[in-house]
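Down below is the structure, laid out as structure tokens.
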Amino acid sequence: MDLISYAELAVLLVNRPDRLTGLEGVRTLLEESGRPPQADRLAPGDLDALRGLRTELVTVFEAAAAGDEREVVDRLNALLRRHPVHPQIAAHDGEPWHLHLTEGGRFCDQYIVGAVMGLATIVTDLGADRLGLCRAAPCRRAYLDTSSNRSRRYCSERCASRANVAAYRARKKVGQDSGGL
């Protein structure tokens, strides 16, 4: 079971609040995440559930960015209690038998369980410091650090490049200012 892909559902939800304005936006979100078949199961009540989950996940990532591991764990445990996991064996798309976290219930139940279980697995296997918020101002998008050396600090290459260019220009300006004295 690829729990990192489940955790990426949490990141996607946190980073795309613009997709939670209506069911069509959620369908687009699912297409962007490579899960278009799930869109057929969307119901109006799913939208409110996903908005609520997004709010809770933002606080998980904020706690992780602040280095508050206990808060991350407490919040994830609360979500796990509210949304219990129901694993099932499945085979599809020519893949061999494998586990899915839930097959039944509403669409939002599947999404919530997958996202929360994915984050819980990353925290327990790799550490809460693997969840982060982009350090490029003013971005603050969520990311998962799955690098081997725990070095990720930005949500994307674009933000990393923008931050590096800004830091270079700041150093250059300081050098020019101090050179003129």
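Check the chain for me: any Cys whose beta-carbon has no other cysteine beta-carbon within less than 4.7 Å?
Among the cysteines of the chain, those whose Cβ sits 4.7 Å or more from every other are 108, 159.
Just the number please: accessible area per residue for region 1-136, 1.4 Å probe, all protein chains included, in Å².
50
Just need the relative contact order of region 35-181 here, percent rounded to a whole number, with Cα pairs under 8 Å and 6+ apart.
Relative contact order here is 19 percent.
Is the C-alpha gyration tensor of region 1-106 telling us rounded, prolate or oblate? Criteria: a/c under 1.5 is rounded; beyond that, a/b larger than b/c is prolate, otherwise oblate.
Oblate, because a/c is 1.5 or more while a/b does not exceed b/c.
With all protein chains present, how much of the accessible area of region 109-167 (probe radius 1.4 Å) comes from carbon and sulfur, to the nearest whole percent?
The C+S portion of the solvent-accessible surface of region 109-167 is 49 percent.
Rounded to the nearest 500 deg cm²/dmol, what is the calculated helix-only ellipticity per residue at 222 nm for the chain, with -39500 (n - 2.57) per DSSP H run of length n ≥ 4?
Helix-only estimate at 222 nm: -18500 deg cm²/dmol.
Report the extension gain between residue 70 and residue 28 in nm, rounded to one decimal, defined as 0.36 nm multiplied by the number of residues separating them, less their alpha carbon distance. If you can, show how the numbers build up before the last one.
Working: separation 42, 0.36 × 42 = 15.12 nm, distance 3.42 nm.
Taking 0.36 nm per residue and subtracting the Cα distance, the gain is 11.7 nm.
For region 1-68 and region 103-138, what is the separation of their Cα centres, given in Å?
One Cα centre to the other: 9 Å.
Please sort through the DSSP H helices of the chain and keep those with an alpha-carbon extent of at least 15 Å along the long axis and a Kyte-Doolittle average not below 1.6.
Length and hydropathy pass: 3-15.
List the relative contact order of region 1-115 as a percent without decimals, with contacts defined as Cα pairs under 8 Å and 6+ residues apart.
For region 1-115, the relative contact order is 29 percent.
Answer with a single label: of [x] -0.30, -0.37, -0.70, -1.31; [y] -0.25, -0.31, -0.68, -1.48; [z] -0.32, -0.40, -0.79, -1.33, which was calculated as log10 I(q)/I(0) by the Debye sum over Cα atoms at q = 0.08, 0.09, 0.13, 0.19 Å⁻¹ from the structure in view?
Working out log10 I(q)/I(0) by the Debye sum over Cα atoms at q = 0.08, 0.09, 0.13, 0.19 Å⁻¹ from the coordinates points to [x].
List the residues, sorted by chain then number, that are 5 or more residues from residue 132 or on another chain and whose placed amide H is less than 5 Å from its amide H.
The answer is 143, 145.
Loop only by DSSP, 14 or fewer other Cβ within 10 Å of the Cβ. Give me the chymotrypsin sites (Phe, Trp or Tyr not before Pro) in region 11-118 that pass, ordered by residue number.
Qualifying residues, ordered by number: 97.
Give the carbon-plus-sulfur fraction of the accessible surface of region 1-80 in %, rounded to a whole number; probe 1.4 Å, heavy atoms of protein chains only. If you can, show how the numbers build up before the last one.
Numbers: 1860 of 3850 Å².
Carbon and sulfur together cover 48 percent of it.
The values are calculated or read from the model by the stated rules, or taken from the named source; none is laboratory data. Note that this is a predicted model, so its numbers are computed, not measured. Reconstructed Cβ throughout: ideal geometry from the backbone, glycine too, with neighbour counts over all protein chains shown. When the accessible area is computed, the model is the full protein with side chains, heavy atoms only, and any ligands, DNA or RNA have been set aside. Shrake-Rupley method; radii C 1.70, N 1.55, O 1.52, S 1.80 Å.
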